1. In debye, nearest 20: dipole of region 223-346 around its Cα centre with unit charges on the Cβ of K, R (+) and D, E (-)?
2. Taking neighbour Cβ counts within 10 Å as the exposure measure, how do 234, 107, 203 sort from fewest upward?
3. Have a look at 248, 70, 90 and tell me which one the Gaussian network model of the chain (Cα, springs below 10 Å) gives the largest fluctuation.
4. Restricting to DSSP loop positions (anything but H, G, I, E, B) with no more than 14 other Cβ atoms inside 10 Å of their own Cβ, which chymotrypsin sites (Phe, Trp or Tyr not before Pro) remain in region 242-346?
5. Go ahead and set up a Gaussian network model of the chain, Cα springs under 10 Å, then flag whichever of 297, 223, 154 fluctuates most.
6. Could you identify which residue out of 88, 307, 160 has the top mean-square fluctuation in a GNM of the chain using Cα springs shorter than 10 Å?
7. Suppose every Lys and Arg Cβ carries +1 and every Asp and Glu Cβ carries -1, with no other charges. What dipole size does the chain come out with about its Cα centre, to the nearest 20 debye?
8. Pairs of lysines 8 or more apart, or on different chains, with alpha carbons under 21 Å: count those in region 1-153, would you?
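FYI, it's all coordinate maths here, none of it is from the lab. Note that the coordinates shown come from a computational prediction; the quantities given were computed from them, not determined experimentally. No Cβ is skipped: glycine too gets one built from the backbone with ideal geometry, and neighbour counts run over all protein chains shown.
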Amino acid sequence: MEKRQLGHSDLRVSKLCLGTMTWGEQNSEREGHEQMDYALDQGVNFFDTAELYPIPPKADTQGRTEKIIGTWMKARANREQIVLASKICGRTLMNWFRKDGGGCEVSPAQIREAIEGSLLRLQTDFIDLYQVHWPDRPMRTFGGLGFEPGEGDTHDMVTILQTMQELVVEGKIRHVGLSNETPFGVMSCLKTAKMFEVPRVVSVQNAYNLLNRSFETGLSEITHYEGVGLLAYSPLAQGYLTGKYQNGALPKGSRKQLFARLERYETPGADVAMEKYLEIAARFELDPAQMALQFVTTRPFVTSNIIGATSMEQLKSNIASVDVPLGEEVLKEIEQVHLVHSNPCP
């Protein structure tokens with residue numbers, strides 16, 4: 001599988017990244033190990049996780065995903081074959097992550113507590129890419145367009161990146177990334193790095209799919225000129241772009257049936273756009289999931305497309321998407337739909 005340079009770092013990562021957020025909830029340890037074995041065998045060397053996982057976040061499951069990855073790497077003795085990414089929670093009132101029982105914030109003390117916890121669960125001495133899962137500052141995250149200023153405390157980016165620099169020097173992390181960030185947030189980090197000689201972020205992990213191409217406005221230009229790689233998450237719009245929820249279907253065992261947490265992809269007008277994309281796939285005899293995935297993977301500003309699966313059948317199909325050609329006519333029709341139904345699920 002093609003390997004791409006991650007931003008301006010020295011890391012070479014597969015163009016597909018294995019997402020892990022279902023392990024420990026929908027998937028067992030054995031199933032997680034099976035997925036990693038297959039992905040690695042297919043040339044996927046990039047795994048993404050977080051202290052938050054599995055999803056949905058709960059006190060009694062938190063950290064299970066990292067533990068599953070840790071037992072796999074220990075059993076296989078293959079840590080050096082993997083580019084491993086994890087994340088620290090942004091500011092939140094969820095109170096089961098820290099020893100003091102308080103909410104999360106991206107403070108020096110909590111960064112250190114979070115990294116030590118992740119390293120312990122992952123059974124490794126270092127994390128290749130350590131990301132801030134969402135911003136510390138009060139703002140709208142996980143859906144929606146437009147800026148809505150909020151009120152509340154925040155830690156300045158200098159303090160955050162200085163702590164990350166200490167962890168780099170100590171050998172606990174290699175590079176720093178962002179997630180669920182805005183153009184302002186990315187540029188602020190880059191400016192801070194230049195002014196204070198702290199780590200320069202190499203990546204941003206944001207949602208990007210046929211129903212949400214908001215990254216293309218503003219952020220794609222920044223990442224191109226500043227050497228910051230996009231790690232695209234939710235490329236299948238939490239399963240909607242597979243067509244499995246079409247016409248009100250509710251498959252047993254699906255995330256919608258189990259957790260009812262898919263509001264981001266149930267906005268007004270979203271169903272019309274989804275139908276249009278599913279029609280394109282049918283007309284060109286393409287698997288709709290593979291078409292949606294390959295669209296994301298082949299965008300010039302995408303470094304790695306984060307795929308996830310709850311079954312081996314899904315995983316094999318998702319990885320096989322890299323061999324699906326998207327001709328000019330397919331791409332033309334996708335653009336025509338996008339012009340009329342732009343970003344219904346930001």
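1. Details: 11 positive and 14 negative charges, 105 e Å.
The dipole of region 223-346 has a size of about 500 debye.
2. Ranking 234, 107, 203 by Cβ neighbours within 10 Å, fewest first, gives 107, 234, 203.
3. Judging by the Gaussian network model, the answer is 248.
4. Details: sites: 245, 259, 265, 277, 284, 295, 301; in loops: 245, 284, 301.
Within region 242-346, the qualifying chymotrypsin sites (Phe, Trp or Tyr not before Pro) (loop, at most 14 other Cβ atoms within 10 Å) are 284.
5. 154
6. Highest fluctuation among the options: 160.
7. Numbers: 36 positive and 44 negative charges, 81 e Å.
The dipole magnitude comes to about 380 debye.
8. Close lysine pairs found across region 1-153: 9.
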